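The values are calculated or read from the model by the stated rules, or taken from the named source; none is laboratory data. Just so you know, these numbers come straight off a predicted model, no measurement behind them. Cβ placement follows ideal geometry from the backbone for every residue including glycine, while neighbour counts extend to all protein chains displayed. When the accessible area is computed, the model is the full protein with side chains, heavy atoms only, and any ligands, DNA or RNA have been set aside. Shrake-Rupley method; radii C 1.70, N 1.55, O 1.52, S 1.80 Å.
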Amino acid sequence: MIKNGHHATGSDQRDEAGCSNYDMVHYGHSNQLRQAKAMGDYLIAGVHTDAEIAKHKGPPVFTQEERYKMVRAIKWVDEIVEGAPYVTTLETLDKYNCDFCVHGDDITLTVDGKDTYEEVKRAGRYRECKRTQGVSTTDVVGRMLLMTKAHHSNLVSFYYQQHADNFGKGPKGHSPWTGVSQFLQTSQKIIQFASGKEPQPGDTIIYVAGAFDLFHIGHVDFLEMVYKQAERPYVIVGLHFDQEVNRYKGKNYPIMNIHERTLSVLACRYVSEVVIGAPYAVGKDLLDHFKEPRKRGILKTIDSGNSLTTDDIVQRIIENRLQFEARNQKKEAKEMAVIEAMKRREQQDQSEAASEAAH
């Protein structure tokens, strides 16, 4: 869920945006926040507590403290509200001086199946942004549980697609909001996420490389520490191709393919540029390309103070598999109930219109 609004202060416009689980923060969330920020000047993201998420959806993958820090690291976010209420009310918008809130073009429901944005929609203080195709938390969790490598390619295998379509879903129909379509990378997506800024004289160019898979709080802590190494840092992140990551990590890694990892890293406020398909070994040519000093002894080891790894996240998912499947089934059932109610209302409206026309 995302909320956004603006409030006039003198000649300045200030906008604020807000609330979501932001569990398994991925480039889909970042893209919603990017779109929300484009609607105003100041963006506030509200993040729910673990207790609120557990009550309405099921167990979160990350703790609320981890999620607070992940959302703060997204470069379009100006401020966050910790422990934001699950149901967005006019009182919430007024408390943070929001003119309106923003959410994706799917629906978010409470534990009893009510639209969490009903009140602000009625008041005309609701805006919508497009949901990012090809990604959802449900799908990402499914990739971790299905130990195949089909998600490395846009040419998704039938077996993987069948799994993606059925993971944790109920037997009666599929909700269009829960389903995931194919992700297709375009140059426009990269341009939207990239800063477009080149290093300036006086900048310290810092290069780091890795998989940066399932971009998580461990990566954020590391990149923040890297960013703090210089007064004017220009941080370049080299991303290894999927085949290279799979060579040194094995199993079904990376969970996210190179295109998805590119957007995830570009969304981080500590990153200036990304090298797509960076070499595993850093050579002279790469350093020269970014005008690095032509000297040796420039390697520095950074301790982020956070030991969380992508493996740890996968273990969290595996250990709680049944809970996550139950969570997704419950979400699907609520969405299907809303769809059926919408269909019945539409049929009733058509029937009443036909009856009036007959008279």
_Test: residue 36 is open to solvent by 30 Å² or more (accessible area, probe 1.4 Å) and either among the β-branched types (Val, Ile, Thr) or part of a helix (DSSP H, G or I) (or both)_ = no
*Give region 104-116 a look and list any residue that's closer than 21 Å to residue 60 by Cα and either at pLDDT 75 or above or loosely packed, with under 14 Cβ neighbours inside 10 Å (or both), or say none.*
104, 111, 112, 113, 114, 115, 116
*In region 126-145, which residues are farther than 24 Å from residue 318 by Cβ and either open to solvent by less than 10 Å² (accessible area, probe 1.4 Å) or part of a helix (DSSP H, G or I) (or both)?*
129
*Filtered residue count, region 272-306, keeping only those that are buried (at least 16 other Cβ atoms within 10 Å of the Cβ), at pLDDT below 80 and among the charged types (D, E, K, R)*: 1
*asked:* Quick check on region 214-245: of everything there that is surrounded by 22 or more Cβ atoms within 10 Å (Cβ to Cβ) and part of a helix (DSSP H, G or I), which residue is farthest from the chain's Cα centre (by Cα)?
replied: 245
*Considering only region 78-103, state which residues are open to solvent by 10 Å² or more (accessible area, probe 1.4 Å), of a type in the set (Val, Ile, Thr) and assigned to a loop (DSSP other than H, G, I, E, B).*
87, 89
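Restricting to region 39-58, name every residue that is assigned to a helix (DSSP H, G or I) and open to solvent by less than 10 Å² (accessible area, probe 1.4 Å). Break it down into steps so the answer makes sense when it comes.
The first filter runs over region 39-58 and keeps only residues assigned to a helix (DSSP H, G or I), leaving 50-56.
Correct list: 53 only.
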_Residues of region 246-271 satisfying the condition of being of a type in the set (A, V, I, L, M, F, W, C), at pLDDT 95 or above and not in a strand (DSSP E or B)_ = 265, 266, 267, 271
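Could you look through region 180-191, keep only residues that are closer than 30 Å to residue 336 by Cβ and surrounded by 15 or more Cβ atoms within 10 Å (Cβ to Cβ), and pick out the one that is modelled with the lowest pLDDT? Give the steps one after another, and end with the answer.
Step one: filter region 180-191 for residues closer than 30 Å to residue 336 by Cβ, giving 180-184.
Within this subset, residues satisfying the condition of being surrounded by 15 or more Cβ atoms within 10 Å (Cβ to Cβ) are 180, 183.
Working: 180: 44, 183: 63.
Ranking the candidates gives 180 first.
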